[in-house]
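Notes to accompany the following structure.
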Amino acid sequence: PHVDRLVQSCLMEVDPRGTVVRYELHDGVIHSHARMTYTDVNAIVADRDPVLRERYAPLVPLFDLMHEVFEVLQSRRHRRGSIDFDLPETEVVLSEYGDIEAIVASERNVAHRLIEEFMITANVAAATALEAKRAPVVYRVHAEPARDKLDPLREFLGSLGYSLAKGQVLKPSMFTRILEKAAATGEAELISTVILRTQAQAVYQPDNIGHFGLALVRYAHFTSPIRRYADLLVHRSLVRAYDLGDGPL
């Protein structure tokens, strides 16, 4: 915290329905006011922890606003039928010598989901901006499931009392409805895992076919927390297309 860092940022204005009505892309500098953890932010916005809310009192209004925007974006995501595989991820615990001590399930809390939603929204804005300039885009694409995987999936789901429509245009919302129906049952994790295994692998490519899982027409990686080369290509393309050093898009 309290250190200047160079950034390429996307500033977005979101209406109450979760639609991005305006965005700007900038080269700039950020100066953070605190180094936060997902655990602490979740405790502030979801658990309303009085001790942490007092400790970070000057920042709490910003965290609360972030949470409000997150709920608006999440509602829009749900309406468009995006598939949300809320499966536990694994975390490797290392000793001070770098040896693996344990592999445990990590919690995906509200703070994780909040940042994820903001990142997805910025990634769409970046892809949209590059398309507007007819600039090169490396899309993150996700094809719909292969047909040869759907019949075994229908058979499996049918044995548990769930149906996946056949002969219709496949939509991600079809899977979302099944996952929501299973959420309150002991079968939820099993069904999520099996449906996940039928999905195609998301890849990077210059030809846009959309992102099936996220139910998005266009999507690029502008904000990946693991700095992949594809992100850098998007950043460079934005700089060349908009000459970001001279001001907002």
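Remarks
- Residue, farthest from the chain's Cα centre (by Cα), within the stretch 51-98, restricted to residues that are of a type in the set (S, T, N, Q) and open to solvent by less than 90 Å² (accessible area, probe 1.4 Å): 95
- Neighbours by Cβ (under 7 Å, 6+ apart or cross-chain): first from the stretch 34-61, at pLDDT below 95; second outside any helix (DSSP H, G or I) and among the hydrophobic types (A, V, I, L, M, F, W, C): 34/59
- Qualifying residue in the stretch 149-157 (condition: of a type outside the set (Phe, Trp, Tyr), open to solvent by 70 Å² or more (accessible area, probe 1.4 Å) and assigned to a loop (DSSP other than H, G, I, E, B)): no
- Selection status of residue 163, assigned to a loop (DSSP other than H, G, I, E, B) and small (Gly, Ala, Ser): yes
- Strands (runs of 3 or more DSSP E) contained in the stretch 84-147 and holding at least 2 residues acidic (Asp, Glu) and closer than 28 Å to residue 66 by Cα: 89-94
- Some residue of the stretch 124-147 being within 28 Å of residue 90 (Cβ to Cβ) and loosely packed, with under 14 Cβ neighbours inside 10 Å: yes
- Every residue from the stretch 80-93 that is touching a helix residue (DSSP H, G or I) at 6+ places or on another chain (Cβ under 9 Å) and of a type outside the set (Ser, Thr, Tyr): 80, 81, 83, 84, 85, 86, 87, 88
- A single entry from 159, 237, 173, 192 fulfils the requirement of being under 18 Å from residue 80 (Cα atoms) and either among the aliphatic types (A, V, I, L, M) or at pLDDT 90 or above (or both): 173.
- Residue within the stretch 218-231 that is touching a Pro at 6+ places or on another chain (Cβ under 6 Å), open to solvent by less than 20 Å² (accessible area, probe 1.4 Å) and either in a helix (DSSP H, G or I) or free of Cβ contacts under 8 Å to residues at least 12 places away in the same chain (or both) present: no
- Residues being under 21 Å from residue 129 (Cα atoms), of a type outside the set (Val, Ile, Thr) and in a strand (DSSP E or B) - total across the stretch 18-41: 7
- Looking across the stretch 1-55, the residues that are touching a helix residue (DSSP H, G or I) at 6+ places or on another chain (Cβ under 8 Å), of a type in the set (A, V, I, L, M, F, W, C) and closer than 26 Å to residue 108 by Cα come down to 10, 12, 14, 20, 41, 43, 44, 45, 46, 52.
- Sub-6 Å Cβ pairs linking a first residue in the stretch 153-172 that is more than 18 Å from residue 185 (Cβ to Cβ) to a second residue that is among the β-branched types (Val, Ile, Thr), at least 6 apart or interchain, are 172/83, ordered by first then second residue.
The values are calculated or read from the model by the stated rules, or taken from the named source; none is laboratory data. All of these numbers come straight from a predicted model, not from anything done at the bench. Because the Cβ atoms are built from the backbone with ideal geometry, glycine has one as well, and the counts that use them run over all protein chains shown. For the accessible areas, the whole protein counts, side chains as well, though only heavy atoms, and no ligand, DNA or RNA atoms are used. Shrake-Rupley method; radii C 1.70, N 1.55, O 1.52, S 1.80 Å.
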